[in-house]
Amino acid sequence: MDGYYEWQDQGDYKQPFYIYDKNKLPMLVAGLYHKEQDGFHATVLTQTPEDSIQHIHHRMPLILSPNDARQYLKNGLISHNGPYTLKYHDVTSKVNQTKVDDASLIETYDAFHHN
């Protein structure tokens, strides 16, 4: 994945953030799935957040390096040595609207500039 959204509680609202690799590398995340008659069910494994984003949310996806992903798929073992350094920025609350799906959702949003 290129990045993901996380929301920070601001009291009367939750501010969405877009979190991504500073070098804009695609990120591989650990997950589990189960097939049932009605389709697949999946979940993303999470971990304690990196220091740079812990003020935003209390957990983050378990991001794997390509080598770690191979080990996870081959042996079911997770060793987290990812080469990623995460960055983030505010994004528009339009990310909460399921009908909106365009590139503007990951652009930096400055509420003071848009009011």
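Please treat every number below as a calculation from the coordinates, not as lab data. Quick caveat: nothing in here was measured; it's all calculated off a predicted structure. Virtual Cβ from ideal backbone geometry, glycine too; neighbours counted across all protein chains shown.
Things to note:
- Rg(Cα)/(2.2 N^0.38 Å) for the range 3-114, N = residue count: 1.21
- Percentage relative contact order, the chain, counting C-alpha pairs under 8 Å, at least six apart: 25 percent
- Theoretical ellipticity at 222 nm over the chain - DSSP helices of four or more residues, -39500 (n - 2.57) apiece, nearest 500: -3000 deg cm²/dmol
- Across Thr85, Thr43, Thr98, mean-square fluctuation computed from a Gaussian network of the chain (C-alpha pairs under 10 Å connected) peaks at Thr98.
- Cβ-based charge dipole, the range 3-114, positive-most Cα from Leu73, Phe40, His55: Leu73
- Taking Lys87, Lys35, Lys24 as the candidate residues, the one with maximal mean-square fluctuation in a Gaussian network model of the chain, Cα springs under 10 Å, is Lys35.
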